[in-house]
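Just below is one structure, and these are the notes that go with it.
Only the coordinates and a few stated rules stand behind these numbers; no lab work does. For clarity, every value in this text was computed on a predicted model and none was experimentally measured. Here the Cβ is made from the backbone with ideal geometry for all residues, glycine too, and neighbour counts use every protein chain on show.
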Amino acid sequence: MTRARYQQVSLQDTPYYHCISRCVHRAYLCGGDPVSGKNFDHRKQWLVTHIKQLAAHFSMEICAYAVMSNHYHLVLYVNQAQAEAWTDNEVIERWTAVFPRNGALIETLLKNKTTRAAQRQLQKNVSLWRQRLMDISWFMRCLNETLARAANREDECRGRFWEGRFKSQALLDEKALVTCMAYVDLNPVRAHLSDSLEGSDFTSIQERLIHHAWKVKHRSYRQHRLLTRRTSKHLVGRPSTKQAKLKALASQHGSNVGTLPLTQKSYFDLLDTTCKLLVSGDRLKPENIQLLEQKHQVFQELGIRAEGWLRGVTAFHKYYSIAAGSERSLLHFQRSRIRLGVDLKHPHKWIRGVQSARLLYGT
């Protein structure tokens, strides 16, 4: 049974969430359609651009993204402290940038600001908009509705573009966050659409590599090719509209997620090694697991086993449902949901994801 979003999203437990939206019937409405022969890759660029535009106005930060032909992934950080620190004027400016028609309401209220009724209504609206600007549901609603309307206008049709409401997973600790980000960044590699990180179009790892290549004085051949890649032109140069940047890896932290012991270079190296193992075929060979453990110190720092890492970045969506993390994090999240009054059928008998946590991360 579908659960209300407030029962799945708890900013008290974690500000990090993995969101997924799929096209109706899983049709290739954002890529090359094998049935009609039409290509809609340009819609992937629409989606990436609009994600960044919305994040610039909402109190959301983008940790990772991957736009595929029939679905997309997002890892979001909800910056609650930032939204609460905004002045009323900042809230109004941000909200009316997303919903311009509300500007007329604000003008009317400001003209009558000497009356108590107008003051109360203005404060009520500002308080409501502040909450919505740090609400994942409103962010995803604005994102999906805008793309659906644009695509339907292009196709000269009406009806559903997305199969339904988006899915969300709470990322409860560092292990889940890093594994999920890698899972998202490696989407094109797992789908056999690319055999390298540089060739993984419309992903956050490609964008991070491009920004890194711009700063390098003596670029390698791979970096030069990346900067001249046709499908990455939207990432090169200054954007024409206000867009948010990717959240830096060194600043990944939250209420229950400490600062990641991960630099940009170590993340690039880790994903590059993982990418090569996924492309080679049998990723769970003992020598591959041993290679990962010897080459990357980050596994010891995060408390992740190499075998669990390879399983997680391959099928993260199959191991977890509403929340992802270690066994301890899942138990804490379950108790928190019970305190909030979430109606669970068997609250003390079974917690979904515990067996997966033991398999991926141990006890």
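You can think of it this way: the chain between R158 and R120 has 9.7 nm of extra reach, that is 0.36 nm per residue less the Cα-Cα gap. Applying both filters, DSSP loop and at most 16 other Cβ atoms within 10 Å, to the trypsin sites (Lys or Arg not before Pro) of segment 186-248 gives K217, R219, R229, K242, K245. Convex hull volume per residue, computed on the Cα atoms of segment 83-132, equals 67 Å³.
With q set to 0.13, 0.25 Å⁻¹, the log10 of I(q)/I(0) for segment 1-73, from the Debye formula over equal scatterers at the Cα positions, is -0.51, -1.16. In the chain, the longest principal axis of the Cα atoms and the axis of helix 327-339 are about 20 degrees apart. Among the GluC sites (Glu not before Pro) within segment 137-210, those in coil by DSSP and having at most 13 neighbouring Cβ atoms inside 10 Å are E156. Other residues whose C-beta falls under 13 angstrom from the C-beta of Q123 contribute a net charge of +4, scoring Lys and Arg +1 and Asp and Glu -1. Of interest is the spacing of the C-alpha centroids, which for segment 1-68 and segment 302-344 amounts to 21 Å. Near K111, which lysines are there with a Cα under 29 Å away, not counting those fewer than 8 places off in the same chain? Answer for K111, where 29 Å is the Cα cut-off: K124, listed by chain and number. Rounded to the nearest 10 degrees, the angle from helix 116-132 to the longest Cα principal axis of the chain is 10 degrees. Among C275, C157, C142, the ranking by other beta carbons within 10 Å of each residue's beta carbon, starting with the fewest, stands as C157, C142, C275. Only helices enter this figure: runs of n ≥ 4 DSSP H residues, each worth -39500 (n - 2.57), summed and divided by the residues of the chain, yield -15500 deg cm²/dmol at 222 nm to the nearest 500. Its relative contact order, with pairs defined as Cα atoms under 8 Å and 6+ residues apart, puts segment 1-74 at 36 percent. Given their separation in residues at 0.36 nm each and the Cα-Cα distance between them, R26 and D195 gain 58.5 nm when the chain is fully extended. By the gyration tensor of its Cα atoms, with a ≥ b ≥ c the square roots of the eigenvalues, what is the shape of segment 141-257: rounded for a/c under 1.5, prolate for a/b over b/c, or oblate? Oblate, because a/c is 1.5 or more while a/b does not exceed b/c.
Name the residue, out of D269, D282, D155, whose mean-square fluctuation peaks in a Gaussian network model built on the chain with Cα pairs under 10 Å. Checking each option, the largest mean-square fluctuation is seen for D155.
Report the local net charge at A56: Lys and Arg +1, Asp and Glu -1, summed over other residues whose C-beta lies under 11 Å from its C-beta. Net charge around A56: +3. Would you mind checking the tilt of helix 102-111 against the longest principal axis of the Cα atoms of the chain, expressed as 0 to 90 degrees and rounded to 10? Roughly 40 degrees, rounded to the nearest 10.
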